[in-house]
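Engineer: I have a structure here, written as structure tokens, and I will follow up with some questions on it.
The values are calculated or read from the model by the stated rules, or taken from the named source; none is laboratory data. This one's a predicted model, so the numbers in the text were calculated from it and none came from an experiment. Reconstructed Cβ throughout: ideal geometry from the backbone, glycine too, with neighbour counts over all protein chains shown.
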Amino acid sequence: DTEVTQTPKHLVMGMTNKKSLKCEQHMGHRAMYWYKQKAKKPPELMFVYSYEKLSINESVPSRFSPECPNSSLLNLHLHALQPEDSALYLCASSQPGLAVPYFGPGTRLTVT
Amino acid sequence: GIQVEQSPPDLILQEGANSTLRCNFSDSVNNLQWFHQNPWGQLINLFYIPSGTKQNGRLSATTVATERYSLLYISSSQTTDSGVYFCAVEQRFGAGTRLTVKP
């Protein structure tokens, strides 16, 4: 199984809502990543978890809260987002270090 | 942090043509990859190539680490090759090359 799954595929939320994005992989990878991609821009790294511990936070605002409950799951909790946070959120996984990441299909988020 | 520059930003080809995409990076790297993002947003890993040359069908890639660049070659392009090609270095993505292949 070489697949990273993400749910939901699409999400529309208001600025006062709380929602969560979910990512799952069963490849035994111990590094998981969140990226944000705005239209016509490259993906930007947000967070990296290595062995279920947060290893990189690219100065992401606290309205984005990552969680890695176990080695297969990665969540991104969203609260009080702004319209400019509307984007494609991509999850990826790999073995830690110099490994090829596999990307999920993404969650397209719209904040109204 | 490391800088990643890709060229050209846009490329339009007729089906069957060949092309070369370039990625320059500002520092020595341990991890360089080429991705294709299809129109639906899915990122597909094409090559993991911190150095050397690899080939996969009509695609090949070469990285000259000492000169800090990598090239992606697409031969006999097909309409399904359309999309954005990204070079990613140490989990940082370049701006991409948007390729359009016309029938």
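Engineer: Out of all the residues in the stretch B:15-36, is one or more out of contact with any strand residue (DSSP E or B) (no Cβ under 8 Å at 6 or more places or on another chain) and within 14 Å of chain A (Cβ to nearest Cβ)?
Structural biologist: Among the residues of the stretch B:15-36, at least one is out of contact with any strand residue (DSSP E or B) (no Cβ under 8 Å at 6 or more places or on another chain) and within 14 Å of chain A (Cβ to nearest Cβ), which makes the answer yes.
Engineer: Quick check, is residue B:61 in a loop (DSSP other than H, G, I, E, B) and within 13 Å of the chain's Cα centre (by Cα)? Break it down into steps so the answer makes sense when it comes.
Structural biologist: On the way: in a loop (DSSP other than H, G, I, E, B): no; within 13 Å of the chain's Cα centre (by Cα): yes.
Judged against the criteria, residue B:61 is not a match.
Engineer: State the number of residues belonging to the stretch B:30-47 that are outside any strand (DSSP E or B) and in contact (Cβ under 8 Å) with a residue 40 or more places away in the chain.
Structural biologist: Start the filter on the stretch B:30-47 by keeping residues that are outside any strand (DSSP E or B), which leaves B:30-31, B:38-42.
Right, trim to in contact (Cβ under 8 Å) with a residue 40 or more places away in the chain and you get B:30-31, B:38-39.
Of the residues in that region, 4 qualify.
Engineer: Does residue B:18 fit the bill of being within 20 Å of residue A:93 (Cα to Cα), surrounded by fewer than 17 Cβ atoms within 10 Å (Cβ to Cβ) and either under 14 Å from the mean Cα position of the chain (by Cα) or among the aromatic types (Phe, Trp, Tyr) (or both)? Before the answer, list the steps.
Structural biologist: Details: within 20 Å of residue A:93 (Cα to Cα): no; surrounded by fewer than 17 Cβ atoms within 10 Å (Cβ to Cβ): yes; either under 14 Å from the mean Cα position of the chain (by Cα) or among the aromatic types (Phe, Trp, Tyr) (or both): yes.
Against the criterion (within 20 Å of residue A:93 (Cα to Cα), surrounded by fewer than 17 Cβ atoms within 10 Å (Cβ to Cβ) and either under 14 Å from the mean Cα position of the chain (by Cα) or among the aromatic types (Phe, Trp, Tyr) (or both)), residue B:18 does not qualify.
Engineer: Given chain A, what strands (runs of 3 or more DSSP E) lie entirely inside it while holding 2 or more residues that are of a type in the set (A, V, I, L, M) and under 22 Å from residue B:39 (Cβ atoms)?
Structural biologist: Values: elements: A:4-7, A:10-13, A:18-25, A:31-37, A:44-50, A:53-57, A:64-70, A:73-79, A:87-94, A:107-111.
It comes to A:10-13, A:87-94.
Engineer: Which one is farthest from residue A:102 (Cα to Cα) among residues in the stretch B:53-74 that are modelled with pLDDT of 95 or more and within 14 Å of chain A (Cβ to nearest Cβ)?
Structural biologist: Across the stretch B:53-74, the extreme among qualifying residues is B:63.
Engineer: Right, another one. Within the stretch A:51-67, is there a residue that is surrounded by 18 or more Cβ atoms within 10 Å (Cβ to Cβ) and over 11 Å from the mean Cα position of the chain (by Cα)? Give the steps one after another, and end with the answer.
Structural biologist: Start the filter on the stretch A:51-67 by keeping residues that are surrounded by 18 or more Cβ atoms within 10 Å (Cβ to Cβ), which leaves A:64, A:66.
Applying the additional criterion that residues be over 11 Å from the mean Cα position of the chain (by Cα) yields none.
Within the stretch A:51-67, none of the residues are surrounded by 18 or more Cβ atoms within 10 Å (Cβ to Cβ) and over 11 Å from the mean Cα position of the chain (by Cα).
Listed here are the residues, each with its yes/no results for (1) in contact with an Asp or Glu (Cβ under 9 Å, 6 or more places away or on another chain); (2) of a type in the set (Val, Ile, Thr); (3) in contact (Cβ under 8 Å) with a residue 24 or more places away in the chain; (4) more than 10 Å from chain B (Cβ to nearest Cβ).
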{"residue": "A:65", "(1), (2), (3), (4)": "no, no, no, yes"}
{"residue": "A:73", "(1), (2), (3), (4)": "yes, no, yes, yes"}
{"residue": "A:76", "(1), (2), (3), (4)": "yes, no, yes, yes"}
{"residue": "A:81", "(1), (2), (3), (4)": "no, no, yes, yes"}
{"residue": "A:86", "(1), (2), (3), (4)": "no, no, yes, yes"}
{"residue": "A:92", "(1), (2), (3), (4)": "no, no, yes, no"}
{"residue": "A:103", "(1), (2), (3), (4)": "no, no, yes, no"}
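Engineer: State which residue is nearest to the other protein chains (Cβ to nearest Cβ) when the search covers only the stretch B:75-103 and only residues that are charged (D, E, K, R) and outside any helix (DSSP H, G or I). Give the derivation first.
Structural biologist: Looking only at the stretch B:75-103, we keep the residues that are charged (D, E, K, R), and these are B:81, B:90, B:92, B:98, B:102.
With outside any helix (DSSP H, G or I) added as a condition, the list becomes B:90, B:92, B:98, B:102.
Working: B:90: 9, B:92: 7, B:98: 8, B:102: 20 Å.
Among those residues, the one meeting the criterion is B:92.
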